[in-house]
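Throughout, read-outs are computed from the coordinates displayed, never taken from laboratory work. Keep in mind that this is a model prediction, so the values were computed, not measured. Using ideal geometry, Cβ is built from the backbone for each residue, glycine included, and neighbour counts are taken over all protein chains shown.
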Amino acid sequence: MASLAKKRALGTGEKPEEDHEESSDEGIEGVGDSGDDDSEDSDEEINEEITVDFEAHTISDNDSNGIKKLLKQLFLKANINLSQLTDLIIQQNHIGSVIRQADVPEDSDNDDDIDEVFGFISLLNLTERKGSECVEQIKELVLEHCEKCCPQSVVEQLDKILNDTTKPVGLLLSERFINVPPQIALPLHKQLQEEIAEAQRTNKPTGKCHFYIMISKTFKEAGKNNSTLRGGAPKKDELMFTNAEEEFFHEHAVIKFNYSVQEESDSCLAGRWSFDDVPMKPFRTVMLIPAKSISPIMEKLREYLSI
């Protein structure tokens, strides 16, 4: 069970930058004013790799701003009360973890570096929190996009599952800065499942869920036909996940569909999303995963993400 003393080393990676979907005008100040020497220096800074160690900590009040920032990069401009959602995540801190830098340099001139959140993982029981504004908004968001791209039978199935009080549904949230390596996901998911089991054993909130619902940040090549299949399942070879490990959850989803967030993303930065110089179009992929599928998913995570 998570405690205030929880602290686990997670591994190393490049010094993370804030997710480009989250950023606004940073990095474009002074364009056209600098000379060639300044440009070369700037390129050197961008390409510099800094190795850092990460640790998992119990979620606390100090993590509010960091968690909200990461939630914003997921939901973008969707009508979700992110302040309330953040508060609910912090209130149930027996479930979930935040990622922080293990050792902040002594010469750091920013006091916020000590508590900076590079990522977090949590599970919010939507059934237990029924009636909360943010929960109802998330359910409405999911059903609204399901109606636009799935057969009516799928919409009715999802609506029934989300409103069945006898079989709780948990919102699985796993967000991090884009440069944090995927290997960090394995210990975080393992810890989360242990905390869920402990919560179930001790009758604490969020313990028992029959389904998990995830909203993942995904991308497709901008030049291809990106319409969602009428069966609700996007073509696997077209879809790329920002959090690579979430592809394993996608494989086990009984309902899955995606919707474009191109108009919600920062237009100044849209061109930066590319792989091998191929422009990418941002999507959100919704997945409904049976709880019984978590064990094989965890096996996949161990197989591919073990350091």
### Query
Mind listing the phi-derived Karplus ³J(HN,Hα) values for segment 77-85, rounded to whole Hz, using 6.51, -1.76 and 1.60 with θ = phi - 60°, and x for any glycine or proline?
9, 5, 7, 10, 6, 5, 5, 5, 4
## Note on the structure
Packing-ranked peptide list from 88-96, 191-199, highest mean Cβ count within 10 angstrom first, is 88-96, 191-199
## Note on the structure
The alpha-carbon center of segment 279-306 and that of segment 191-223 are separated, in whole Å, by 11
### Rounded if a/c under 1.5, otherwise prolate or oblate - segment 53-99, Cα gyration tensor axes
oblate
### Message
Going by average Cβ density within 10 Å per residue, which order do the peptides 176-187, 142-153 take, highest to lowest?
### Response
176-187, 142-153
### Query
From Cα coordinates alone, what are the radius of gyration and Dmax values for segment 129-200 in angstrom?
15.6, 40
